[in-house]
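The values are calculated or read from the model by the stated rules, or taken from the named source; none is laboratory data. Predicted model only: the values in this text are computed from it and were never measured. Virtual Cβ from ideal backbone geometry, glycine too; neighbours counted across all protein chains shown.
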Amino acid sequence: LNAFIVFGITLYTILTFMTLVSIIVFLEMCVYIYKKVPYPKKTNIVWVIGAAPVISTMCCLGLWIPRATLFTDMTSNSYFAIVIYKFLILLFEECGGEEAFLRYSEKKTIKVSTGPCCCCCPCLPPVSITRRLLFLLKLGSLQYAILKTVFSIFSIALWANGNFDLSIYGTALWINLFVGVLTIIGLWPIGIMFMHVRDSLRPLKIMPKYAMYQLVFVLSQLQAAIINILAVNGVIACSPPFSSVARGSTFSQQLMIVELFVITLVTRMLYRRIYEPRTVELTVSGLKQAVRAKNNIENFAASFK
């Protein structure tokens, strides 16, 4: 029994230390970003890089205060819902802003048959890039950021009233199903935008950045949901005084702290760099106009010689 207690204290100490290191790394990155990056791009970057350390902190609080697990999980989910929208805006900012993206993407089309919504529909025709399309893309991610937070508050209110049932036919199931549909709709615009700009933003390491963002989503949403479903259905055995749900929640939090600690370190290497103004590549018509303007200037200067 004493050995088990010592192991538990040691494990919790290591996990807490990892969480503290993640917070310190995040704060150091925030100071660097705010000094080196102009507004509003720096705000979006701070939101995105904060996903792993914030969720890790909530998991650590859930370990030490098990009764607060519902609140910590809802906080993590609401934060990441906002990160989804901020990552989409960051893609625009990395292209030089929405105006630059529209200017240099004129007469181009964008592929909408991407995951997670329409990856199995390659027959969908490409769509012209317009200001209205960008508004719809932003709206698709923004609705998830807002509605996920609303449903989190609603779930806490039901829990306080004793109506939040985690069983297979409980209230949580129907809320999670509806939120799952909102999640797919919220992720779709990012998939569309990423597939369009990934080649232009490859020098900015957009591929590993997108991979880290996807990995945080998988770990904090899908992995946690799978473990919770197994616990609710009794696959994870109970160990008095801890129920199956409590053990599943504890195991999920411990696992995520370690995983998110590694992601925080990788994220630091990706985002802590020299930031320079950048725009997407010119279209063919834009290149022709630039060459024509250069020739006109040279001819005008030659006439005075």
**Conditions (1) of a type in the set (Val, Ile, Thr); (2) within 23 Å of Val197 (Cβ to Cβ); (3) modelled with pLDDT of 80 or more: number failed by Ile55** = (2)
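Taking Ile175, is it within 25 Å of Ile153 (Cα to Cα) and out of contact with any Cys (no Cβ under 9 Å at 6 or more places or on another chain)?
The answer is yes for Ile175.
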**Where Phe217 falls short, out of the listed (1) in contact with a Ser or Thr (Cβ under 8 Å, 6 or more places away or on another chain); (2) among the aromatic types (Phe, Trp, Tyr); (3) within 21 Å of Leu61 (Cα to Cα)** = (1)
**Prompt:** In the stretch 136-183, which residue that is assigned to a loop (DSSP other than H, G, I, E, B) and not hydroxyl-bearing (Ser, Thr, Tyr) is modelled with the highest pLDDT?
**Reply:** Asn161
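This table checks each residue for (1) crowded, with 20+ Cβ neighbours inside 10 Å; (2) in contact with an Asp or Glu (Cβ under 8 Å, 6 or more places away or on another chain); (3) of a type outside the set (S, T, N, Q).
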site	(1), (2), (3)
Thr72	yes, no, no
Ser78	no, no, no
Tyr85	yes, no, yes
Phe92	yes, yes, yes
**Request:** Determine if the stretch 120-127 includes at least one residue that is under 20 Å from the mean Cα position of the chain (by Cα) and without any contact (Cβ under 8 Å) to a residue 60 or more places away in the chain.
**Result:** no
